[in-house]
Structure formats: structure tokens, C-alpha cells
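**Student:** Sending over a structure as C-alpha cells; questions will come in a sec.
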């Protein structure tokens, strides 16, 4: 959709963009093969993609060796920390989501929390990050429990957490159906401290699955989900509203943050190619690194040689579920 | 086919393919696909010994692939071993595990055996997936290089990663084929094949059924493990997917598609299932449909698998 739009407008620097697209199926081995194919056979000048961390990590050596700029769409911090010369990414990290949640807890005077985490890739990674950054925000983790991605009942873990002395809030990093079950069990048990979910469940289907139990749950999320609710003064509003409308018109499906990450990556890349004035991969790479003040669906991006992500905590909005819909917490 | 035995003919054909195929390669991407075919072919050959010769099904073979792969990922980090020893270590661990687990498992038959091996594979996968402190968990971990390229660089020879692995995996495949073919014609191989037809008949003529099955299981686990090590070293990165159930099924499909009792069939099956997705990228959305269709057609019209069925047809038309 974006490529057609740009080519119809005359391409970049007078050259048409040719899009080469493969589906790695989040399989690291396949991703690696396609990466080789892109570099060796299709001779691409830059790559946007790799929405799972494993696939991204498997592709990095190929692009590093060939000197092709690569904008990843996966979540984990390891992709850009330590900084790799040719690798960038657009989605905010789990660590930032933890930071955002803790910031909100600080505001509400919460310092003792319990964590119930899923053991799937996302939940596990975020759980670790949240434990890791907790001291920076003066958060004390008093209880920790985990559940499997396919578990159907988390009452025992929650009961254990609820019984911990001095508990002020519970955080649930996880993805898929798990967090919805946690939310339901949480309401059934009548635990009366606030429940925090992660950006992993920031979709309408979570509210539908969790039903009334979701009422009052808070979570950090991309501005994209609450495009309409942002105040008009918000500099991000026009970007996310435009993207959402275009996406929904083109696909007929409700917008998701994953598509937004790809959109951001693509926009950053095209802008960099324009500034570079050529399709030389090295020149494009240098320009991607100089991206500043770019307003994307994930937030304002300011890259630098030491920061190949360029987002800060303001990229996340704190949401609360009220009457079956998202509302902004400020 | 008069002067040439099947063994020599197969080996010659394989060697010719390995040596001559690069003539047709326009870029090093093709070397990469070639290397993947050889590695998958090797793992599939292990299954040919187990499934085709001995008639036992394993739905957990990717577990051994995973052990081989993670041996190369973990060995240098925790034990300080050079990579080549890690390959051996992975194979040894796989063989030992196959030996210990195989004894009780192989007493089972048909569905029960399939389910037991399935369980074994999933257990190995879960250990790799869940023990994040050791294996990096679902996000995978880096693998240190084999060091061959650096060595060659010292001698002034620069060779790309894909090219190098094409030749390494090609040679390993030939060695694997040599062993598998020799086994086929040895007394042990004949004993194995007799199990395939009838275990009762085999035991009446004095074959130790349990021991032969165990041997086949251990040998095939070593094939899978070496293949796994190669994948890890070639990609320089591993994720738990290599040990996953889907991968087990893929390997088994390769074996059955090519012809479960044929060494050449293993390579043909691996070629089809590895190369076809690359060819079918043109069709994008229909990729899986076409793949499924091809497999169904082969299963319906060429029931012994591609290679044995076609070989028979050719022989019939000659005579």
C-alpha cells in the first residue's frame, strides 16, 4: 500500500522502489535463508522486517556482513543493545513498558507489587525486564508467580500473590489468552488492589475476552489504539489518525500496533533514502542513524550513534479500561 | 544397471550432484539453499534407517537435532570446547539419550511408539524453551563460528559462509550416505529390514529384535544430531524451533515423500521440501496449498515415495 503510494508520486529521488517480500513465519532458520536470498539474489539496498526476536537475531549476521541497513520490527532489547552498526528497530522495548507502568505506580504511591507472568516468549522476556528495572523506580517485588501459555486457570497463583503482606498492585506481563484469564480470575477472587496488564494485550479482543473483569485494569499502549481520544494538541494525533484510517480503509480490519511498527520503519527508511540522495546502502544507513524528530505511530523517534531505537517513555500512553473501552490516564 | 550396484550408483549420483550443482548457481543464495538441503537430507537419512529399514516411526527426531544444535551453542561458552568437539559431544549425548530412552520406548509398537517419541521430542523442546538462563529461552542464542573461515583467511583464501557450508554439508552428506548404504547391505541392515516386514518372523530366525531396533534408533539420533550441529554452526544462531514438533514432522515428511527406505529418496525429499517454499514465494498466499497438494498427489499416486516408485516405473518401461 505504501510502496504504490510512493511510486505513484514519482518514486524516491526519481527512482522507483521495488518491494521484495518474504514471509519468515517467525522461524529463525527460514528467516536466515530469506535474508541471504534478499542480499545475494535480490540485491536489496535496505530491509524492514523480522517481527519476532529470534528471526531478527538470526538475520542480523547476514545483514551485518553484507552491509545492508536493517530495521527490525521485533520487541527485545538485545537487538539494539549493544548497538550494532547496521541494525535499527522501531517497536518500543519491554523494558520501556515496565518503566511506564512503574512510573504510573509511583504516581499512585504504589511500591510493593506482585508479578504473575506468562512463560511464553513475550511474557518471559518482559517479566525479566520488569524485575531488572524495578529498583530504578523504587518498586519492591514482593511476590512472583508464573503460568504456562496454555493454562486455563490461574487462581492458585493469584491466591498466593494476594496473600502476600503489604501487596499494593499486581502486574501481569503476558500475551494472548493468558492475561484475559488472569483478569477474570482476579475479579472472581475479589482482589482489591489495582491490576496492571502489559502492552501485549493492547487489543480490543482482550476487553472482549476479559469482559466486565477488565474494568479498571491499566496498561501501557501505543497511541495508535486511542487515536481518537488523544487531545488535538497532541503532536502524534494527526499521524496515528491518518495511519489508522488508511489501514482500515485498505484492509477492512481494525488497526494493530504491529502494522504500525512496519509503517514507521518504512517511513524512516524512505526519508533516509531521500536524504541520502542515492540508493547506496552505506549512505542510507548513515541517514537512518541521523533520524530526528520523526513522528511515527510508536512515538517521536530521535536516533543517534548510541541509540538505534530513538524512542523514550513518552512513546507509551497509560490506558485504563472503563465501560468496555480504553481511556487515557494522565 | 548391470555392472553397478545400487550402492555405488547412489553414491556416484550424489557426489556428482554435490560437485556439479554449483555450476548452475547464479549467486551464493543458492549455495545456502543447497547447504540446507544437504543438512536436511542428512537428518532425513537417519530417519530412512529408522523408518525405512527398521519400520519404526519417530515423531520426535527434531529433539535430537536440537541437542546437536545446542551442543554447539553451549559447549564453547560453558565448557570452552572447540566447535568440532561440540559436534561430537552433541552426537554422543544424542546417542546416549536414544540408548537410555530407546530401551523402554521401543518395546512399544505402532501408535504407541509414535506417541512416545513425540513425547520425547517435546520434552527436549520444553527444556530448551524453558531453561532460559542456560539456552536463552525462546529468543534463542548466538553460536560461535567453527573457525574454518578464519583459518582459510590466514592462508589467503576468502570464502563466503554459504559456499563453505555448501561444501562441508555436501561432504558430510556423502559420508552419511556411505554409512547408510553400507548398513543396508550388511548383516545388521538385513536384520533391520527383516523387522520391517515381520517382527515375529525376525525373532524366529534368531534376530534380537529389541537390540536391532535400539541400534537403528541410536544411529538415526546421531544423524539428526550432526545435522542439528551443522544448522547451528551455519546460522551462527539457534532458536528452540529446531527442536520443535513441526520440525520433526517436516523431517518425517521428507523421508516419506522421497521414499522411506531409500537413501537417495531422503535427499530428494529434503530437496523438494527445502527448495519448494523458495520457488513458491512467487505465489505467496497459495504456498501452503500448493505444498499440500504436491504431497497429497505423491501419497496417492506414488505410494512408496518418489524415488522407489519412479525407479520401478522406469525399470518396467525398460523391460
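The values are calculated or read from the model by the stated rules, or taken from the named source; none is laboratory data. All of these numbers come straight from a predicted model, not from anything done at the bench. Every residue, glycine among them, receives a Cβ derived from its backbone with ideal geometry; neighbour counts consider all protein chains shown.
**Student:** So which residues in the stretch A:299-308 are crowded, with 18+ Cβ neighbours inside 10 Å and more than 16 Å from residue A:99 (Cα to Cα), if there are any at all?
**Tutor:** Listed by number, the residues that qualify are A:301, A:303, A:308.
**Student:** Within the stretch A:226-244, does at least one residue satisfy the condition of being touching a residue at least 40 places away in the same chain (Cβ under 8 Å), under 22 Å from residue A:174 (Cβ atoms), assigned to a helix (DSSP H, G or I) and not assigned by TED's automatic domain parsing to the domain that holds residue A:82?
**Tutor:** Yes: the stretch A:226-244 contains one or more residues that are touching a residue at least 40 places away in the same chain (Cβ under 8 Å), under 22 Å from residue A:174 (Cβ atoms), assigned to a helix (DSSP H, G or I) and not assigned by TED's automatic domain parsing to the domain that holds residue A:82.
Table: residues versus (1) in contact (Cβ under 8 Å) with a residue 24 or more places away in the chain; (2) assigned by TED's automatic domain parsing to the domain that holds residue A:85; (3) touching a strand residue (DSSP E or B) at 6+ places or on another chain (Cβ under 8 Å).
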| position | (1), (2), (3) |
| --- | --- |
| A:258 | yes, yes, no |
| A:261 | yes, yes, no |
| A:268 | yes, yes, yes |
| A:271 | no, yes, yes |
| A:282 | yes, yes, no |
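**Student:** If we scan the stretch B:295-304, do we find a residue that is more than 14 Å from chain A (Cβ to nearest Cβ) and within 30 Å of residue B:74 (Cα to Cα)?
**Tutor:** Checked against the condition, which is being more than 14 Å from chain A (Cβ to nearest Cβ) and within 30 Å of residue B:74 (Cα to Cα), the stretch B:295-304 yields no hits at all.
**Student:** Going by the structure shown, is residue A:113 under 24 Å from the mean Cα position of the chain (by Cα) and at pLDDT 85 or above?
**Tutor:** Taking the combined requirement at face value, the residue satisfies it.
**Student:** Count, please, the residues in the stretch B:123-135 that happen to be within 16 Å of residue B:231 (Cβ to Cβ) and at pLDDT below 85.
**Tutor:** Total satisfying the criteria: 1.
**Student:** With the requirement that a residue be part of a helix (DSSP H, G or I) and in contact (Cβ under 8 Å) with a residue 24 or more places away in the chain, what does the stretch B:79-93 give you?
**Tutor:** B:83, B:84, B:86, B:87, B:90, B:91, B:93
**Student:** So, residue A:142, is that one within 14 Å of another protein chain (Cβ to nearest Cβ) and modelled with pLDDT of 85 or more or not?
**Tutor:** Taking the combined requirement at face value, the residue does not satisfy it.
**Student:** Would you confirm, using the coordinates I've provided, whether residue B:24 is within 30 Å of residue A:66 (Cβ to Cβ) and modelled with pLDDT of 90 or more?
**Tutor:** Against the criterion (within 30 Å of residue A:66 (Cβ to Cβ) and modelled with pLDDT of 90 or more), residue B:24 does not qualify.
**Student:** A further question follows. Go through the stretch A:197-226 and report how many residues are more than 18 Å from residue A:299 (Cβ to Cβ) and crowded, with 23+ Cβ neighbours inside 10 Å.
**Tutor:** Residues flagged as more than 18 Å from residue A:299 (Cβ to Cβ) and crowded, with 23+ Cβ neighbours inside 10 Å within the stretch A:197-226 amount to 5.
**Student:** Give B:66, B:52 a once-over and let me know the one that is modelled with pLDDT under 90, buried (at least 24 other Cβ atoms within 10 Å of the Cβ) and under 15 Å from the mean Cα position of the chain (by Cα).
**Tutor:** Unique residue meeting the criteria: B:52.
**Student:** For the stretch A:227-258, which residues satisfy the criterion of being crowded, with 19+ Cβ neighbours inside 10 Å and farther than 21 Å from residue A:327 by Cα?
**Tutor:** Passing the criteria: only A:247.
**Student:** Go through the stretch A:284-297 residue by residue and tally those that are in a loop (DSSP other than H, G, I, E, B) and either touching a strand residue (DSSP E or B) at 6+ places or on another chain (Cβ under 6 Å) or at positive phi (or both).
**Tutor:** Number of matching residues: 2.
**Student:** If I filter the stretch B:122-160 down to residues being buried (at least 22 other Cβ atoms within 10 Å of the Cβ) and under 30 Å from residue B:17 (Cβ atoms), which single residue comes out as nearest to the other protein chains (Cβ to nearest Cβ)?
**Tutor:** So the residue we want is B:143.
**Student:** Filter the stretch B:16-47 down to the residues that are within 14 Å of chain A (Cβ to nearest Cβ) and under 30 Å from residue B:189 (Cβ atoms) and list them by number.
**Tutor:** Residues satisfying the conditions are B:34, B:35, B:36, B:37, B:38, B:39, B:40, B:43.
**Student:** Continuing with this model, one more query. Restricting the search to the stretch B:164-188, which residues are within 20 Å of the chain's Cα centre (by Cα) and more than 16 Å from residue B:264 (Cβ to Cβ)?
**Tutor:** The answer is B:164, B:165, B:166, B:167, B:168, B:169, B:171, B:172.
**Student:** Just for the stretch A:114-138: of the residues that are closer than 19 Å to residue A:160 by Cα and out of contact with any helix residue (DSSP H, G or I) (no Cβ under 7 Å at 6 or more places or on another chain), which one is surrounded by the most Cβ atoms within 10 Å (Cβ to Cβ)?
**Tutor:** Only one residue fits best here, namely A:127.
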